[in-house]
Amino acid sequence: MNSIETVAKNIRLEVMQYAFFHLFPVAVAGIAMIMDIRTAKVDNGWIVFSMSVGLFVCIWQKNITGIGFFIMGSVMPLFLMILFAFGMIGAGDIKLFCALGGIMGCESIIKCIFISFLTGAGISAALLIFNHNFCERILYFIEYVKCTVSTGKISSYRRKSIAAPENFHFTIPVFISVLLYAGGIY
């Protein structure tokens, strides 16, 4: 094999790695977002498929170290379970972060989660301003904290009586965060 063929092979490998580790997360998050918007849930089959493909490609591209890369990235988002216990985030969102973490890696999924929450906060602020109910929601939050502290019982933060758009699909800020990742912002 001459040097030109070697260079061409290396370029193909780099393109494949970039396509998988940057563009596949966009597909995973994008399809999950569409599912969430249409059915208000992210299908477990999609999560399992995404994680399976992620594990396979991590092993293929990184050999045995790919297993550790995948596991560390997939396990990291489980700290969000505390927010799930309070009803502040859905199980599908956590599973989506786990699938993305296996592909993106531990460091990148932490950044993805952080940027997702910042993006979600921006969307929430815009909705509160647009709907003119900022004070109502702040008072609800204060009352929730008081009730939780005084009773010592954790109850769901989300009120079922609240209609959209106050309860928006968190997969939207996750998708935006993954787009920023694919674009090289972080």
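Points to keep in mind about this one:
- In the chain, a dipole from Cβ-located charges (positive for Lys and Arg, negative for Asp and Glu) runs towards its positive end, and of SER156, LEU80, HIS132 it is SER156 whose Cα lies farthest in that direction.
- The lysines within cross-link reach of LYS62, meaning a Cα-to-Cα straight distance under 17 Å and a gap of 8 or more places when in the same chain, are LYS9.
- If you plug the beta carbon distance of CYS147 and PHE114 into 1/(1 + (r/R0)^6) with R0 = 41 Å, you get a FRET efficiency near 0.90.
- Partners for LYS146 among lysines (Cα-Cα distance below 23 Å; same-chain residues under 8 apart left out): LYS160
- Under 21 Å of direct C-alpha separation, and excluding same-chain neighbours fewer than eight residues apart, LYS95 reaches these lysines: LYS41, LYS111.
- Based on every Cα atom in the chain, Rg and the maximum pairwise Cα distance Dmax equal 19.5, 74 Å.
- Helix-only mean residue ellipticity at 222 nm for the chain, each DSSP H run of n ≥ 4 adding -39500 (n - 2.57), per residue, nearest 500: -24000 deg cm²/dmol
- Peptide ranges 53-65, 168-180 listed from the most packed, as the mean C-beta count within 10 angstrom indicates: 168-180, 53-65
Any read-out appearing in this document is the output of simple, stated calculations on the displayed coordinates, not a laboratory observation. Model, not experiment: these values are computed from the prediction. Because the Cβ atoms are built from the backbone with ideal geometry, glycine has one as well, and the counts that use them run over all protein chains shown.
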